[in-house]
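K.L.:
Take this structure, written in structure tokens, and hold onto it; I'll ask about it next.
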Ligand SMILES: Nc1ncnc2c1ncn2[C@@H]1O[C@H](COP(=O)(O)OP(=O)(O)OP(=O)(O)O)[C@@H](O)[C@H]1O
Ligand SMILES: [Mg+2]
């Protein structure tokens with residue numbers, strides 16, 4: 001059984017007539033990195049709210065089907081306990097900061113205080129995490145006066161300090177430039193290497209192809225595809241269904257139209273270059 005199990009889950013927000021999520025069945029395993037993609041208003045953030053227990057603990061509305069976390073129904077889970085194990089990074093970095101703390105140091109310490117960690121250990125943890133995420137120079141700053149990228153890194157620092165097992169991350173880079181995006185993905189890669197379970201909503205499908213183990217495509221409230229990155233993202237049939245595919249897949253299609261057939265469909269540019277170089281060598285031999 002997966003770490004998180006959804007069985008025929010349908011959810012409708014209060015006062016809405018159509019469900020935001022329809023008949024979702026899937027299983028998420030511990031230690032895996034899931035990339036969630038799909039069109040705007042498709043239900044990705046709602047899916048995150050469900051995994052975090054905000055549905056049904058915070059959002060009322062109509063929920064049917066089963067959501068199991070480690071085999072236990074989410075309706076029976078204590079949301080406070082769940083939130084100490086499952087970290088969340090918001091879609092908009094400007095809503096992330098608590099606004100009640102005067103320094104970044106205190107902001108990162110906030111969650112640890114809530115966990116009742118002794119002061120000395122807390123100070124040590126904040127410093128360690130700040131070093132890890134290279135934000136030492138921000139520790140004395142006012143958290144309300146950070147750039148979007150800095151805010152996102154502070155948000156990651158807060159939940160990494162609490163040593164959570166699961167990270168639900170909703171479009172962390174949508175407001176960041178390429179450099180800020182790269183820094184966030186360095187952090188996410190580090191979490192993956194530590195064996196954390198990651199559920200990342202991300203529009204930049206090339207990054208999903210590079211980092212994730214599996215992909216979920218959520219369109220119109222439905223889970224239209226779930227499977228290994230290579231399998232799902234190399235399927236050009238998904239284009240007709242409105243999904244975005246990696247540049248390498250699009251390029252491969254154009255190569256094929258020009259008579260250049262690679263032995264497999266590349267999903268990252270590195271893979272594409274490798275396959276082209278191998279093909280070049282083969283041709284050199286003949
Ligand atoms: N609090 C809410 N109350 C009522 N309807 C909502 C609420 N939040 C989202 N919805 C509706 O649910 C549907 C799914 O929204 P959701 O935010 O999950 O989509 P999304 O895939 O995250 O979109 P985006 O890519 O724009 O972030 C939309 O039709 C949206 O209008
Ligand atoms: Mg969203």
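K.L.:
Would you calculate, for the chain, the mean residue ellipticity at 222 nm contributed by helices, counting each DSSP H stretch of 4 or more residues as -39,500 (n - 2.57) and dividing by all residues, to the nearest 500?
P.N.:
-12000 deg cm²/dmol
K.L.:
List the residues of segment 146-186 whose backbone N lies under 16 Å from a point placed 7 Å from the Cα of residue 101 along the Cα-to-Cβ direction.
P.N.:
Label zone hits: 146-147, 150-164.
K.L.:
Now for a separate question. In percent, what relative contact order does the chain have, based on Cα pairs under 8 Å that are 6 or more apart in sequence?
P.N.:
It comes to 23 percent, rounded to a whole number.
K.L.:
Moving on to the next point. Normalised by the residues of segment 85-177, what does the relative contact order come to in percent, with Cα pairs under 8 Å and at least six apart?
P.N.:
Once divided by the residue count of segment 85-177, the mean separation gives 54 percent.
K.L.:
Right, something else. Quick check: from the Cα gyration tensor, does segment 246-286 come out rounded (a/c under 1.5), prolate or oblate?
P.N.:
Oblate.
K.L.:
For 283, 57, what ranking results if the residue with the fewest other Cβ atoms within 10 Å of its Cβ goes first?
P.N.:
283, 57
K.L.:
Still on this model: Under 19 Å from a label point 7 Å along Cα→Cβ of residue 256: give me every residue in segment 214-240 with its amide N that close.
P.N.:
Within reach of a label on residue 256: 228-240.
K.L.:
Expressed as an acute angle from 0 to 90° and rounded to the nearest 10, what is the orientation of the C-alpha long axis of helix 119-132 relative to the principal long axis of the chain?
P.N.:
Helix 119-132 sits roughly 20 degrees off the main axis of the chain.
K.L.:
Angle, helix 269-285 long axis vs. longest principal axis of the chain, Cα atoms, 0 to 90°, nearest 10?
P.N.:
Once rounded, the angle reads 20 degrees.
K.L.:
A further question follows. Take the alpha carbon gyration tensor of segment 1-91, find the square roots of its eigenvalues, order them as a ≥ b ≥ c, and report rounded if a/c is under 1.5; if not, report prolate when a/b exceeds b/c, else oblate.
P.N.:
Because its axes are fairly even, with a/c under 1.5, segment 1-91 counts as rounded.
K.L.:
I've got another one for you. From Cα pairs below 8 angstrom and at least 6 apart in sequence, can you work out the relative contact order of segment 148-286, rounded to a whole percent?
P.N.:
Answer for segment 148-286 is 16 percent.
K.L.:
Another one. Test of understanding: ordering 44, 76 by Cβ neighbours within 10 Å, fewest first, what list do you get?
P.N.:
76, 44
K.L.:
With the crude spin-label approximation of a point 7 Å out along Cα→Cβ, what separation in nm comes out for residue 127 versus residue 62?
P.N.:
Taking the simple label geometry, residue 127 and residue 62 are separated by 5.6 nm.
K.L.:
Please report the antiparallel percentage of the DSSP beta bridges confined to the chain, to the nearest 5.
P.N.:
Among the beta bridges of the chain, antiparallel pairing accounts for roughly 55 percent.
K.L.:
Okay, next question. Helix 247-257 against the longest principal axis of the chain: what's the angle in degrees, Cα atoms only, rounded to the nearest 10?
P.N.:
It is inclined by approximately 10 degrees.
K.L.:
What is the fewest-to-most order of 26, 272, 48, 261 by other Cβ atoms lying within 10 Å of their Cβ?
P.N.:
261, 26, 272, 48
K.L.:
While we're looking at this one, here's another question. Is the chain rounded, prolate or oblate when judged by the Cα gyration tensor, a ≥ b ≥ c being the square roots of its eigenvalues, rounded requiring a/c under 1.5 and prolate requiring a/b larger than b/c?
P.N.:
Oblate.
Computed from the coordinates by the stated procedures, all read-outs in this text should not be read as laboratory data. All figures in this text were calculated on a predicted structure; none of them were measured in a lab. Note that each Cβ is placed from the backbone with ideal geometry, even for glycine, and that neighbours are counted across all protein chains shown.
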